[in-house]
Each structure stands twice: as structure tokens, then as C-alpha cells.
Amino acid sequence: MINTAKMHAHNIYVFLFDGFSDWEIAYLTPELYKSDKANVYTFTVDRMAITSGGGLKISPHVSIEQINSQEVSMLVLPGGTVWEEKKPTGIDHLLEEIHVNGKTIAAICGATTFLAEKGYLDDIKHTSNALPYLKQFAPAYKGSRNYISDLAVTDRNIITANGIAPIEFAREVFKKVALISEEGIEQWYQLFKNGVWSD
């Protein structure tokens, strides 16, 4: 699965499922895709095509069984009602392997409830749509003391973001993989967030 044109790039896998919130990764994936520092792979549980929450029909690159967790640099989990409805996602084992390997997990909106329910957020700083939201949809969650009311938070190898913060979410991912310089990332952020470009 490694793209030989980008042998030393970060391998970033994006989990897709029917109804996923495509707008939450809309700022993230284009910048990663065009960069020499990232290989972007989309995957579903069974490699079947899915339809996003915005009505986009998408054929993923691979199925979950085709992923070698040792090759994953980052796992991106977009939001969607599947998380709140606690429908089986089939990614538990892959998620645990990536976490144990010390690789990055980036979750936005509803996907944060999945991490919370599984205990990944108990001992790190994190955010979500709101603390009551996490408690409602993740009954096993025990990390409220570490909750930060911010648009996006990175602690160790986990990135979490509010569903209204796709730009902040992308910025945290860019920082984590050092996609461009810190100054360049800030210029990008100001452009897309505030419509301001500075040389």
C-alpha cells in the first residue's frame, strides 16, 4: 500500500462510512493529498463504496483487512451519526493497534464519543462538541477533568475537535505531521478562517 513516489511520507488513513460528515475533513484531505509529505488512503470496513452525509458517492482505496497497522502514521475519524447511534464500526482492533504503536489518532465531532467510550480520552486533554454531549453519548467516559472547551486540542498522540471546527482540526493535523512550516500553517489558517493572507 505504500506509495513509492512518497516513500518517506506519512501514511494517513481516513475511515469512511455511510453518512460520514464529509465537510469535517474537507479542509484536511486536499492539503494532505497534494503534499509530498503525506500519502492519503481512504478505507471502509469492507471496501464497498459509501455515500457521505453530503451525498458524495465514494469508492475507498482499501478495506480495513488490507491495512497493516505498522504502516499507519495517522488514523483520521470524521464525524457522523454512526458514532452516536453506536452502530458497529469494525475498527476497534485497528484503533487499539495504532494507539499501542504510538501513532496519531485524529477524531472530530461524533468520532470523539467513540474514543471517549473506549477510554482513550480519560487521561489526556481533549475536546468535543461539549462536555454534556460526551457524557450523553459515551456513558463509560471518565475524562471530564481533562476536558477543554476549545475548538481543537492535541495531547500526546490524540487530536480531538469540535464538529464546527474543520479548519482548526486540519491545522492540528498539519502541525502533527509538520506538513509545512509553522508560519506556513498559520498563514493557511488565517486565509481559510479569516480570509486574510500575509506574506
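Nothing in this text is a laboratory measurement; each read-out follows from the coordinates by a stated rule. Here the structure is a predicted model, which means the values were calculated and not measured. Ideal geometry is used to build each Cβ from the backbone, glycine not excepted, and the neighbour counts take in all protein chains shown.
See the values below:
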| read-out | value |
| --- | --- |
| Members of the stretch 32-60 found to be buried (at least 19 other Cβ atoms within 10 Å of the Cβ) and in a helix (DSSP H, G or I), listed by number | Leu32 |
| Residue within the stretch 65-76 that is in a helix (DSSP H, G or I), surrounded by fewer than 19 Cβ atoms within 10 Å (Cβ to Cβ), touching a Leu at 6+ places or on another chain (Cβ under 7 Å) and free of Cβ contacts under 8 Å to residues at least 40 places away in the same chain present | yes |
